[in-house]
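To start, the structure under review is shown below, and the notes come after it.
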Amino acid sequence: MSSNDASQQRRAETDARLPVHVAIIMDGNGRWAQKRLLSRILGHEKGAEAVRMVVRTCRELGIAYLTLYAFSTENWQRSKAEVDGLMRLLRRFLKTEMPEMLQNNIRLHVIGRTEKLPLDVQQVLSQTIAATQANTALQLNLALSYGGRDEITRAARALAAEVQAGIIAPEDISEERVASRLDTRGIPDPDLLIRTGGDMRISNFLLWQLAYTEFFVTSTLWPDFDREQFLKILDDFRTRERRFGRV
Ligand code: IPE
Ligand code: IPE
Ligand code: MG
């Protein structure tokens, strides 16, 4: 462990009110572009810079998990031009960011229906995941072709198959067992959810995992989301009283 790593770890340990897991609905790229009479895809490209900023900031602060909603199961219904553009951008992003992930001890993980992604994107995803799998500082979870309902449905199907095969009985299905069949198995639930773009909805993101997550919605469009605002939200999180149903 480098001295830099050690100091970051100490900082995380001493800052008990830093979220362990931050999840972000990165919304507003299209509106950012529209306001400038640019194509939506240019909004997504500009949004990639904000992605770099949040990854770096989380790594620097010692946040353990960052989950980014990059493409939903519903987003497949957008125009072919936009979907193709997003897939191209994703492939380029993974290729250019891989060295920094390796250098900064960042582990890439993906949640969602990755088998629906174009083959070249699947390839660069599995290469990056394999290359970074031993990294231990920050786990970056990309939600790609992800839908919370789809994830829960797949978990239900897997459990039903285990019951049918006689591996478990219906009464063995506990909350822990359901969680262990989700794409997020082994990952603690998010402490903080940020949504940019101003809409106050979940849009099928992490439906199971957000049960007791603190929400923060900002009207800032994702490409305009900067480090200063991210740090302010983390400060606001420190003041939240989390009761988890108790008094
Ligand atoms: C979020 O920005 C990125 C994706 C959903 C891929 P949008 O493309 O939804 O931007 P708006 O909401 O139309 O402004
Ligand atoms: C949520 O944004 C999905 C992502 C950020 C990837 P959307 O723009 O797709 O959600 P809605 O349509 O506003 O609910
Ligand atoms: Mg949107």
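The values are calculated or read from the model by the stated rules, or taken from the named source; none is laboratory data. Since this is a predicted model, take the numbers as computed values, not measurements. With ideal geometry, Cβ positions are generated from the backbone for all residues, glycine too; neighbour counts draw on all protein chains shown. With ligands, DNA and RNA removed, areas are computed over all heavy atoms of the protein, side chains included. Shrake-Rupley method; radii C 1.70, N 1.55, O 1.52, S 1.80 Å.
Annotations for the structure displayed:
- Some residue of the stretch 142-155 being without any contact (Cβ under 8 Å) to a residue 12 or more places away in the chain and over 27 Å from Thr57 (Cβ atoms): yes
- The stretch 198-228 - residue that is part of a helix (DSSP H, G or I) and away from ligand 1 (no atom under 13 Å from the Cβ) and, of those, most open to solvent (accessible area, probe 1.4 Å): Glu228
- Boolean, Arg88 is basic (Lys, Arg), closer than 20 Å to His109 by Cβ and away from ligand 2 (no atom under 13 Å from the Cβ): no
- Val20 being open to solvent by 40 Å² or more (accessible area, probe 1.4 Å) and modelled with pLDDT of 95 or more: yes
- Residues being among the small types (Gly, Ala, Ser) and open to solvent by 50 Å² or more (accessible area, probe 1.4 Å) - total across the stretch 136-157: 1
- Of the numbered criteria (1) open to solvent by 20 Å² or more (accessible area, probe 1.4 Å); (2) part of a helix (DSSP H, G or I), the one His44 fails is (1).
- Flag if Arg195 is closer than 30 Å to Arg40 by Cα and either within 16 Å of ligand 1 (Cβ to nearest atom) or touching a Cys at 6+ places or on another chain (Cβ under 8 Å) (or both): yes
- From the list Leu94, Leu68, Leu140, Leu125, the lone residue that is more than 22 Å from Asn29 (Cα to Cα) and either at pLDDT 95 or above or in contact with a Lys or Arg (Cβ under 9 Å, 6 or more places away or on another chain) (or both) is Leu125.
- Evaluation of Pro99 against (1) part of a helix (DSSP H, G or I); (2) within 20 Å of Asp27 (Cα to Cα); (3) open to solvent by 30 Å² or more (accessible area, probe 1.4 Å) (one fails), failing number: (2)
- Checking each residue in the stretch 192-214 for being within 14 Å of ligand 2 (Cβ to nearest atom) and of a type outside the set (A, V, I, L, M) picks out Arg195, Thr196, Gly197, Gly198, Asp199, Arg201, Ser203, Asn204, Phe205.
- Checking each residue in the stretch 158-197 for being open to solvent by less than 50 Å² (accessible area, probe 1.4 Å), not in a loop (DSSP other than H, G, I, E, B) and not β-branched (Val, Ile, Thr) picks out Ala158, Leu159, Glu162, Ala179, Leu192, Leu193, Arg195.
- Picking from residues in the stretch 54-91 that are within 16 Å of ligand 3 (Cβ to nearest atom) and assigned to a loop (DSSP other than H, G, I, E, B), the one that is least open to solvent (accessible area, probe 1.4 Å) is Thr73.
- Residue check for Phe244: aromatic (Phe, Trp, Tyr) and part of a loop (DSSP other than H, G, I, E, B): yes
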